[in-house]
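Peer 1: Got a structure for you, questions after.
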Amino acid sequence: MAEEETKKLSISGPIGVFDSGYGGLTILRQIQDAMPDYDYIFLGDNARAPYGTRSFDTVYHFTLQGVKFLFEQGCPLVILGCNTASAKALRTIQQCDLQHIDPTRRVLGVIRPTVEALGSITLNGHIGIFGTPGTIQSRSYDIEVAKLYPEFKVTGHGCPMWVPLVENRESGNPGADYFVKQEIDRLLTADPDIDTIVLGCTHYPLLYDKIREYTPHNIEIVTQGGITAESLVDYLYRHPEMDARCTRGGQHRYFTTEDADKFADMATMFMGRPIEAAKAVIDR
Ligand code: DGL
């Protein structure tokens with residue numbers, strides 16, 4: 001085996017979680033709860049969020065920069081805690097980039113595990129997806145659902161205002177009610193038989209209470225944190241060689257491409273405990 005390959009195989013370190021901004025913290029929190037002994041690094045590209053209205057090329061380019069940064073910190077495994085990045089960048093990174101960067105490392109997303117879980121949630125197969133305009137336009141959910149459950153009917157609906165509400169800390173504002181109610185009404189007009197709604201954007205759990213308030217009670221609302229955490233536990237069980245490379249020590253580090261203090265304030269609220277953050281420069 002070439003010396004370079006041997007070195008790559010020996011790389012072990014924290015699990016990386018990437019998002020365009022704060023939303024991925026909703027994924028990280030549940031992963032940490034499920035696997036508290038592991039080390040983690042979170043990167044939020046807050047300086048360039050939101051990604052949801054950006055082109056394929058831009059989301060791919062930004063996401064790849066984020067993944068490379070997390071690889072530089074020693075992460076053998078990176079979770080894209082972002083639907084937009086999972087929809088627009090994951091496949092290219094998995095199929096094209098990894099083989100050049102380091103074929104032994106892995107990047108996983110949030111869409112596939114969410115879709116897998118739907119089979120045991122819906123009763124009538126009518127699924128609604130809320131996501132960023134980018135995620136909905138990519139039709140990634142429709143494609144994944146069609147592979148696993150071809151009999152299901154998927155109705156996607158983009159919510160361009162929801163991420164800005166969260167990123168600008170306006171999710172508790174009464175003005176947010178208008179935008180939440182409006183999108184729910186539109187989705188349920190498109191398919192009144194929906195019995196399961198996926199919050200297909202990791203920022204949306206921060207609007208959960210308002211979404212629940214305006215959604216009929218017979219409709220199940222699916223968030224991704226618990227599903228992603230369960231799927232990761234299962235992945236590491238099935239891949240002991242990767243599990244062995246994920247270091248334990250319970251260390252958590254947080255990076256943002258924006259102001260570190262501002263990020264730490266917001267992350268403290270999301271994570272429910274004091275968080276310190278550092279600034280990362282990734283657009284090199
Ligand atoms: N939280 C991300 C997602 O799950 C992206 C939001 C955005 O940057 O627009 O789609």
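The values are calculated or read from the model by the stated rules, or taken from the named source; none is laboratory data. Predicted model only: the values in this text are computed from it and were never measured. Virtual Cβ from ideal backbone geometry, glycine too; neighbours counted across all protein chains shown.
Peer 1: Select from region 209-257 the residues that are within 16 Å of the ligand (Cβ to nearest atom) and farther than 23 Å from Pro274 by Cβ and list them in ascending order.
Peer 2: The answer is Ile211, Ile221, Val222, Thr223, Gln224, Gly226, Ile227, Thr228, Ser231.
Peer 1: Out of the residues in region 198-234 that are farther than 24 Å from Tyr51 by Cβ and not acidic (Asp, Glu), which is surrounded by the most Cβ atoms within 10 Å (Cβ to Cβ)?
Peer 2: Step one: of region 198-234, the residues farther than 24 Å from Tyr51 by Cβ are 209, 212-220, 230, 233-234.
Next, only the ones that are not acidic (Asp, Glu) stay: 212, 214-219, 233.
Working: Arg212: 12, Tyr214: 14, Thr215: 19, Pro216: 11, His217: 6, Asn218: 8, Ile219: 16, Val233: 14.
Among them, the one singled out is Thr215.
Peer 1: Also: Do you know which of the residues in region 99-155 that are under 27 Å from Thr189 (Cβ atoms) and free of Cβ contacts under 8 Å to residues at least 12 places away in the same chain is surrounded by the fewest Cβ atoms within 10 Å (Cβ to Cβ)?
Peer 2: Filtering first and then ranking leaves Pro150.
Peer 1: Still on this structure, I have one more. Pull up region 162-175, narrow it to residues that are assigned to a helix (DSSP H, G or I) and within 16 Å of the ligand (Cβ to nearest atom), then point me to the one that is modelled with the lowest pLDDT.
Peer 2: Keep residues of region 162-175 that are assigned to a helix (DSSP H, G or I), which gives 162-167, 174-175.
Now narrow it down to the ones that are within 16 Å of the ligand (Cβ to nearest atom): 162-167.
On the way: Trp162: 95, Val163: 91, Pro164: 90, Leu165: 91, Val166: 87, Glu167: 80.
If we take residues in region 162-175 being assigned to a helix (DSSP H, G or I) and within 16 Å of the ligand (Cβ to nearest atom), then Glu167 is modelled with the lowest pLDDT.
Peer 1: Among what's in region 20-67 and is near the ligand (Cβ under 9 Å from one of its atoms) and among the charged types (D, E, K, R), pick the residue that is nearest to the chain's Cα centre (by Cα).
Peer 2: Across region 20-67, the extreme among qualifying residues is Asp45.
Peer 1: Kindly indicate whether Arg273 is modelled with pLDDT of 95 or more and of a type in the set (D, E, K, R).
Peer 2: Values: modelled with pLDDT of 95 or more: no; of a type in the set (D, E, K, R): yes.
No, not satisfied.
Peer 1: When you check Asp33 against the structure, is it in a helix (DSSP H, G or I), in contact (Cβ under 8 Å) with a residue 40 or more places away in the chain and among the charged types (D, E, K, R), yes or no? Show your work before the answer.
Peer 2: Values: in a helix (DSSP H, G or I): yes; in contact (Cβ under 8 Å) with a residue 40 or more places away in the chain: yes; among the charged types (D, E, K, R): yes.
So Asp33 passes the test.
Peer 1: Another question about this same structure. Here's a check for you: in region 94-116, which residue that is part of a helix (DSSP H, G or I) and within 16 Å of the ligand (Cβ to nearest atom) is farthest from Ser12 (Cα to Cα)? Can you show your working first?
Peer 2: Initial filter on region 94-116 (part of a helix (DSSP H, G or I)): 94-101, 111-116.
Pick out the ones that are also within 16 Å of the ligand (Cβ to nearest atom) and you get 111-115.
Details: Ile111: 26, Arg112: 25, Pro113: 24, Thr114: 27, Val115: 30 Å.
For region 94-116, the residue satisfying everything is Val115.
Condition check ((1) over 30 Å from Thr58 (Cα atoms); (2) in a helix (DSSP H, G or I)) across all residues:
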| position | (1), (2) |
| --- | --- |
| Ala229 | no, yes |
| Leu232 | no, yes |
| Tyr235 | no, yes |
| Gly250 | yes, no |
| Tyr254 | no, no |
| Glu258 | no, no |
| Asp261 | no, yes |
| Asp283 | no, no |
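Peer 1: Among (1) under 20 Å from the mean Cα position of the chain (by Cα); (2) not in a helix (DSSP H, G or I), where does Ile143 come up short?
Peer 2: Evaluating Ile143 over (1) under 20 Å from the mean Cα position of the chain (by Cα); (2) not in a helix (DSSP H, G or I) leaves (2) as the failure.
Peer 1: Assuming Lys88 fulfils every condition listed in (1) within 13 Å of the ligand (Cβ to nearest atom); (2) touching a strand residue (DSSP E or B) at 6+ places or on another chain (Cβ under 8 Å); (3) over 19 Å from Glu258 (Cβ atoms) apart from one, which condition is it?
Peer 2: The single condition Lys88 does not satisfy is (2).
Peer 1: Quick one: what pairs do we get from region 231-247, first residue without any contact (Cβ under 8 Å) to a residue 60 or more places away in the chain, second surrounded by fewer than 12 Cβ atoms within 10 Å (Cβ to Cβ) and in a helix (DSSP H, G or I), C-beta under 8 Å, 6+ apart or different chains?
Peer 2: Listed pairs, sorted by first residue: Asp243/Tyr237.
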